Amino acid sequence: MKIAFVGKGGSGKTTLSSLFIRHLAATGAPVVAVDADINQHLGAALGLEEGEAAALPAMGDRLPLIKDYLRGDNPRIASAETMIKTTPPGEGSRLLRVREDNALYEACAREVELDGGAVRLMVTGPFTDADLGVACYHSKTGAVELYLNHLVDGRDEYVVVDMTAGSDSFASGMFTRFDVTFLVAEPTRKGVSVYRQYKEYARDFGVVLKVVGNKTQGQDDLDFLRAEVGDDLLVTVGHSDWVRSMEKGRPPRFDRLEDANRRALRLLQHAADAAYERRDWGAYTRQMAHFHLKNAASWGNERTGADLAAQIDPGFVLGEGVTAPA
């Protein structure tokens, strides 16, 4: 399953995504964790020291390698230089699996040991002063979008993406790449504002959106969230001494997490597993083509000097039974 955590800055989405990743790892499930947030805090939330987190290979810096690998021998893609973030796979493209070893993971992923298991961690890389005036952070998250477009993930496999705050993912079609999106919201008017944006933008694309209320302190907070988001409210999370210790760099063993918060994480997993049953690879592939055509017409064709609509393979449908070149 492909799972996104979104929310406004300061909502706690990185903390909750890291707890969910730890929970999945503790069950023994294979997990790829992706930090696509401009602030790049997921590594630290998973227990890496500052130097270790800073040394992680940035996907944004390896975009040419990623494109060249995923292109494979797809005859519809003339060169890696003509690939953009929405380029979909087709016959001859290299596809990715959660459990495999490949050149992309070797270059862009690192294994992180957790007390309940281990996960693969990939990061986009931070937005730096060198990017100002010459690049947009969307060019870095484009590496994540290409990864998701070429990923064939199955039941009981999890790819968890900590997205950038707010509604930046609507700059392309990346918000449609997930089986379920967990929107972390505090019980405040500002806290639910991103929910309204997501709900409106995602309405026509079948996006499964579930709200996780964070920093709730009582019945009044719960009533507020229920009134604002209705049936989209999945669960609420309150204060955690475990999280406070983790934020100080002294996390206890994960099995010491409070029972209420452990139950909340199990509900998130149940929601993700249920979303798998509704998966429609045909619709997923059509959405890739839809957003690729939009990006090609608005800027891609001009930037690359190619007709990017020709990259779409009309007979190709991504799915678990599809094979790809080695």
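The values are calculated or read from the model by the stated rules, or taken from the named source; none is laboratory data. Everything numeric in this text was worked out from a predicted model, so none of it was measured. When we count neighbours, we look across all protein chains shown, and the Cβ atoms used for this are built from the backbone with ideal geometry, even at glycine. Just the protein is used for accessible areas: all its heavy atoms, side chains included, with ligands, DNA and RNA removed. Shrake-Rupley method; radii C 1.70, N 1.55, O 1.52, S 1.80 Å.
Quick look at the numbers
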quantity	calculated
Strands (runs of 3 or more DSSP E) wholly inside the stretch 157-243 that include at least 2 residues being of a type in the set (D, E, K, R), touching a Leu at 6+ places or on another chain (Cβ under 9 Å) and without any contact (Cβ under 8 Å) to a residue 24 or more places away in the chain	none
Failed condition for Arg71, given (1) surrounded by fewer than 15 Cβ atoms within 10 Å (Cβ to Cβ); (2) under 22 Å from Gly315 (Cβ atoms); (3) free of Cβ contacts under 8 Å to residues at least 60 places away in the same chain	(1)
Qualifying positions in the stretch 252-277 - under 15 Å from Ile21 (Cα atoms), touching a residue at least 60 places away in the same chain (Cβ under 8 Å) and out of contact with any Lys or Arg (no Cβ under 7 Å at 6 or more places or on another chain)	Arg253, Asp255, Leu257, Asn261, Arg262, Leu265, Arg266, Leu268, Gln269, Ala272, Asp273
Test result for Leu56, in a loop (DSSP other than H, G, I, E, B), over 20 Å from Asp101 (Cα atoms) and out of contact with any His (no Cβ under 8 Å at 6 or more places or on another chain)	no
Number of the exception - Val119 against (1) open to solvent by 10 Å² or more (accessible area, probe 1.4 Å); (2) within 24 Å of Ile3 (Cβ to Cβ)	(1)
Qualifying residue in the stretch 11-20 (condition: touching a helix residue (DSSP H, G or I) at 6+ places or on another chain (Cβ under 6 Å) and either surrounded by fewer than 19 Cβ atoms within 10 Å (Cβ to Cβ) or assigned to a loop (DSSP other than H, G, I, E, B) (or both))	no
Residue check, Gly47 assigned to a loop (DSSP other than H, G, I, E, B) and farther than 21 Å from Phe254 by Cα	no
Given (1) hydrophobic (A, V, I, L, M, F, W, C); (2) without any contact (Cβ under 8 Å) to a residue 24 or more places away in the chain; (3) in contact with an Asp or Glu (Cβ under 7 Å, 6 or more places away or on another chain), number of the condition Ala309 does not satisfy	(3)
From the options Ile3, Ile66, Ile84, residue that is crowded, with 18+ Cβ neighbours inside 10 Å and either in a loop (DSSP other than H, G, I, E, B) or touching a Pro at 6+ places or on another chain (Cβ under 8 Å) (or both)	Ile84
Candidate set: the stretch 265-324, residues that are polar (S, T, N, Q) and in contact with a Leu (Cβ under 6 Å, 6 or more places away or on another chain); chosen: the one least open to solvent (accessible area, probe 1.4 Å)	Thr285
